[in-house]
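Please read the structure below before turning to the comments.
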Amino acid sequence: MSITVFGSINLDLTVSVEQMPEPGVTSHATGFLKGLGGKGANQAVAATRLAKSKVRFVAAVGADAFGDSLKASLVALGVDTDDLVTMAEHDSGIALIHVDSTSQNTITVVGGANMAWPSDGPDAACFDGCKVALFQLETPKDATIAAMRKARAAGATVILDPAPIASTGMDALLAEADIITPNETEAAGLSGTKPTSFNEALEVARALCQRGPQTVIVKLGSKGLVYACKDGRSGQLEPFRVNAIDTVAAGDSFNGGLAAALAEGMELEAALRFASAAGALATTRKGASEAVPSRDATDRLLLST
Ligand code: ADP
């Protein structure tokens, strides 16, 4: 039984600058980093590091040097690249990121090959033997819905991280998901109500359950999470206390951890604890895929509390 992650892969080109450039101004960067990015890739790295089962990553790169570099990064991180597709007519996805001296950032994403999937999505064979399938919203909506349907038809539990949230057409996606994992902002985008307390977050989770998913998990960052299920179960989970320095990879590690735990047959509450431990540990290190914790570290945190 395996996990399949369908999603985006980008080359992140990050420049550090003293000040954000004003229109018409050329400025010199104080630093430059290139690295693996895209929510799909980050969650595939997380699932690979955290799961005991095989993880397949279904994603598209362009037929360019960036595509080769992205593939090499996945290999270096131990991610299986057998399901990586090269889209001959397209560029690889890139994210152009500026970070200023106050840590504010601006990000421009060029979807490229990630947005070139046909409307019927990837081959159904990508979900053969799949127990848990993980999706986000950095791929075209119709292709993502088609992929979710194929995952379901294969008998997989379908998890959707509704990020980045789209302003329209979310109900068609919610209808295909067994579990969704919005953060506070995404929960507000989906429900029209920004939760300002645990009770309000629970109300939002319960309301979202009526729109398709069996289970809605609202991630609340350093406040932990709340969840609600269609069968009436609901609850709140306190976060693991860690020394958080950078929250970039928290959500992606959480999702990868949730997929890993459910693929092992853990019950929802245990799976949520495992995913929360992975999310918490991710905040103790800088970066995206580099910050995803190991299985050992996650198990140790779980045992120590
Ligand atoms: P996203 O990155 O999608 O916005 P969150 O920031 O809500 O996701 O983080 C996902 C999960 O990671 C949280 O529900 C929580 O369990 C854990 N987490 C995030 N930030 C912290 C933190 N500062 N301390 C402990 N756990 C955290």
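The values are calculated or read from the model by the stated rules, or taken from the named source; none is laboratory data. Everything quoted here is computed from the prediction, not taken from an experiment. Please note: Cβ atoms are built from the backbone with ideal geometry, for glycine as well, and neighbour counts cover all protein chains shown. All accessible areas refer to the heavy atoms of the entire protein, side chains included, with ligands and DNA or RNA removed. Shrake-Rupley method; radii C 1.70, N 1.55, O 1.52, S 1.80 Å.
Mind listing whichever residues of segment 158-171 are more than 16 Å from the ligand (Cβ to nearest atom), open to solvent by 50 Å² or more (accessible area, probe 1.4 Å) and in contact (Cβ under 8 Å) with a residue 12 or more places away in the chain?
Of everything in segment 158-171, those that are more than 16 Å from the ligand (Cβ to nearest atom), open to solvent by 50 Å² or more (accessible area, probe 1.4 Å) and in contact (Cβ under 8 Å) with a residue 12 or more places away in the chain turn out to be S167, D171.
Among the residues of segment 271-295, write down those that are open to solvent by 40 Å² or more (accessible area, probe 1.4 Å) and under 22 Å from G38 (Cβ atoms).
R285, K286, E290, S294
Enumerate the pairs (first residue in segment 231-253 and open to solvent by 40 Å² or more (accessible area, probe 1.4 Å) and more than 7 Å from the ligand (Cβ to nearest atom); second residue anywhere and part of a loop (DSSP other than H, G, I, E, B) and of a type in the set (D, E, K, R)) with beta-carbon separation below 8 Å, excluding pairs fewer than 6 apart on the same chain, so at least 6 apart or on different chains.
Note: pairs meeting the criteria are I245/R285; I245/K286; V248/K286.
List the pairs whose first member sits in segment 270-286 and is outside any helix (DSSP H, G or I), whose second member is within 10 Å of the ligand (Cβ to nearest atom), and whose Cβ atoms are under 6 Å apart, counting only residues at least 6 apart or on separate chains?
Note: pairs meeting the criteria are T283/A244; T283/T247; T283/A250; T284/V242; T284/N243; K286/D246.
How many residues does segment 99-109 contain that are in a strand (DSSP E or B) and surrounded by fewer than 15 Cβ atoms within 10 Å (Cβ to Cβ)?
4
From the list A59, A41, which one is outside any strand (DSSP E or B), crowded, with 23+ Cβ neighbours inside 10 Å and in contact with a Phe, Trp or Tyr (Cβ under 8 Å, 6 or more places away or on another chain)?
On the way: A59 fails: outside any strand (DSSP E or B).
None of the other options fit; the residue is A41.
Between L220, L190, which is within 12 Å of the ligand (Cβ to nearest atom) and out of contact with any Gly (no Cβ under 7 Å at 6 or more places or on another chain)?
After applying the criteria, what remains is L220.
Can you tell me how many residues within segment 259-285 are in contact with a Leu (Cβ under 9 Å, 6 or more places away or on another chain) and either near the ligand (Cβ under 10 Å from one of its atoms) or among the aromatic types (F, W, Y) (or both)?
10
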